[in-house]
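Participant: Provided herewith is a single structure, encoded as structure tokens, for subsequent inquiry.
Every number here is computed from the coordinates shown, using simple stated rules; none is lab data. Remember, it's a predicted structure, so these values are computed and weren't measured experimentally. We place every Cβ from the backbone using ideal geometry, glycine too, and count neighbours over all the protein chains shown.
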Amino acid sequence: MFKNNKSELVDLVKKHAKGDVLVPTELERIMFEEAEELIRQKYDHKTGAQELYNLLQEARGRRGKNLLMLTNFDKKIKLNQMVRTWEFTRTWSMLFKLIET
């Protein structure tokens, strides 16, 4: 995980010093990065920002509904659209990761 990126290790050590002891797995990190990019592609422009604003206005006052539930974004995205995640979870890739470990 840290062999190619020392800045991630430094950030993790700082978090750990503050008491945050959760260490994300490589798969969690890849999925988070890809999900951020997909969300950015969907909402990081004028029409996307307006759609997001409308959803937030609609959600105001509702309890128990988060933004993910309002947008249904998790249901619109399929695993094979997340290329790096898809590649990471394939059998051969997992076998090579196990051998490397």
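Participant: Free of Cβ contacts under 8 Å to residues at least 40 places away in the same chain, farther than 26 Å from Glu8 by Cα and in a helix (DSSP H, G or I): which single residue out of Gly61, Gly48 fits that description? Working first, answer last.
Facilitator: Working: Gly61 fails: in a helix (DSSP H, G or I).
The conditions single out Gly48.
Participant: Also, quick follow-up: For residues in the stretch 22-45 being assigned to a loop (DSSP other than H, G, I, E, B) and aliphatic (A, V, I, L, M), which is surrounded by the fewest Cβ atoms within 10 Å (Cβ to Cβ)? It would help to see each step written out before you state the result.
Facilitator: First, pick out the residues of the stretch 22-45 that are assigned to a loop (DSSP other than H, G, I, E, B): 22-25, 44-45.
Next, from what is left, pick out any that are aliphatic (A, V, I, L, M): 22-23.
Details: Leu22: 8, Val23: 11.
Step by step, filter the stretch 22-45, then rank; the result is Leu22.
Participant: Moving on. I'd like the full set of residues that are under 27 Å from Met94 (Cα atoms) and under 19 Å from the mean Cα position of the chain (by Cα), limited to the stretch 10-20.
Facilitator: Once the filter is applied, which keeps residues that are under 27 Å from Met94 (Cα atoms) and under 19 Å from the mean Cα position of the chain (by Cα), the stretch 10-20 yields Asp11, Leu12.
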